[in-house]
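J.: Take this structure first; my questions come after.
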Amino acid sequence: MPASRLTALLCAAVLCGACARPAAEQPMTDSRYMLGTVCTITLLSGGNDAVLGAAFARLAEIEGRMSANKTGTMLEKVNEAAGKGPVAVSEDLYTVIERALAFAEASGGAFDPTVGPLVKLWEIGFDDAKVPSEAGIRNALTLLGRKDVVLDGKAKTVFLKRPGMRLDLGAIAKGYAGDEVVRILGEGKVGSAIVDLGGNIVTFGKKADGKPWRVGVQNPFDSRGDYIGILKVDGTMAVVTSGVYERFFEENGKRYHHILDTTTGRPVENGIVSVTIIAPSSFDADGLSTSVFALGLGKGFEFVARYPGMHAVIIDSNSRVYLTPGTSTVFQLVDTSFSIAE
Ligand code: ADP
Ligand code: MG
């Protein structure tokens, strides 16, 4: 993993100054490298080692099914059978693919889980990432196509119709995983907790002091963990960011980030540098963050409006911060080199 990504991940900020457990109940935390990132779960009240263990075991299971970067995963079997035949998958993988395709439909293909051939071609986030050839990009683009994914809801099978097609769930699987951790914490009688899956934050339960959680919005130009503003959220809530700083490489002084434009086959260039979504479900928030990033400011705003109860903080390359309606009540800007766009 490139250092840039590691730093950004380690710095994903839940501003935890006021969230101490009672003296008898010290926070219980564990951190592991999973799902291509650093995953940290911190129990602040309730729960025990077994609950933490169960949460990480579930993350490992999800990774084994949904990762497009590991060999032998269930998703890899679907990809290997492209053009050959349907593959029976687990209920959870089916659910994630189905939801990813729904986001693809809703975003008109700006978000598209069949982006796999392009992701593989660019290899952004891996040490040997480089700008691919024009011909390579053109060829990969022909292998995209959400309409060529055949789902059978009864048999729970997935079939990629054309050889060379590849699903990539990197934009949404961590979001699903966050909701799964929340479910396990709830079943394990945890009172309050913070789940951080590589910057996908989920606050769980009520803070002991009854005050809202404070979650930092990362400065997209700085991977040192500086935050530009604070989100105040109540109870169980997901705060998920898609940003240019998450995974990128540089070549000839130009930065190439990891959210790809499904029409040009290149990193999205629309002036947006990060999109943070606040939503009750991290599955939704993750799907939305990548969709809104890819759609751009105007269409992105319209997109968020279609999902009641969700908020977005969008930052552009001129340090302008755009808040969707209602978001100003939960967001406080703290870095004055940024300004809120009216
Ligand atoms: P992160 O992985 O940093 O949490 P995102 O949720 O925004 O960020 O997902 C980005 C990942 O999604 C990429 O690394 C890639 O695997 C995949 N991806 C890239 N472009 C698209 C796209 N247009 N639609 C869907 N998935 C994409
Ligand atoms: Mg996402």
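J.: Any idea which residue in the stretch 246-289 is nearest to ligand 2 (Cβ to nearest atom), counting only those that are of a type in the set (Gly, Ala, Ser) and over 18 Å from Ile314 (Cα atoms)?
T.: In this case the residue turns out to be Ser281.
J.: Within the stretch 35-94, restricting attention to residues that are part of a strand (DSSP E or B) and in the same structural domain as Leu151 (by TED's automatic domain parsing), which residue is farthest from Asp148 (Cα to Cα)?
T.: Ala88
J.: Of all residues in the stretch 157-179, count the ones that are more than 16 Å from ligand 1 (Cβ to nearest atom) and open to solvent by less than 30 Å² (accessible area, probe 1.4 Å).
T.: Summing the residues that are more than 16 Å from ligand 1 (Cβ to nearest atom) and open to solvent by less than 30 Å² (accessible area, probe 1.4 Å) in the stretch 157-179 gives 2.
J.: Scan the strands (runs of 3 or more DSSP E) fully inside the stretch 250-333 and keep the ones with 2 or more residues being open to solvent by 30 Å² or more (accessible area, probe 1.4 Å).
T.: 254-257, 320-323, 331-333
J.: In addition: Criterion first (within 15 Å of ligand 2 (Cβ to nearest atom) and under 21 Å from Gly108 (Cβ atoms)) does Leu297 satisfy it?
T.: no
The values are calculated or read from the model by the stated rules, or taken from the named source; none is laboratory data. As the structure is a prediction and not an experimental result, all values here were calculated from the model. FYI the Cβ positions are ideal-geometry reconstructions off the backbone, even for glycines, and counts take in every protein chain you see. Just so you know, the surface numbers come from the protein's heavy atoms only, side chains and all, with ligands and any DNA or RNA stripped out. Shrake-Rupley method; radii C 1.70, N 1.55, O 1.52, S 1.80 Å.
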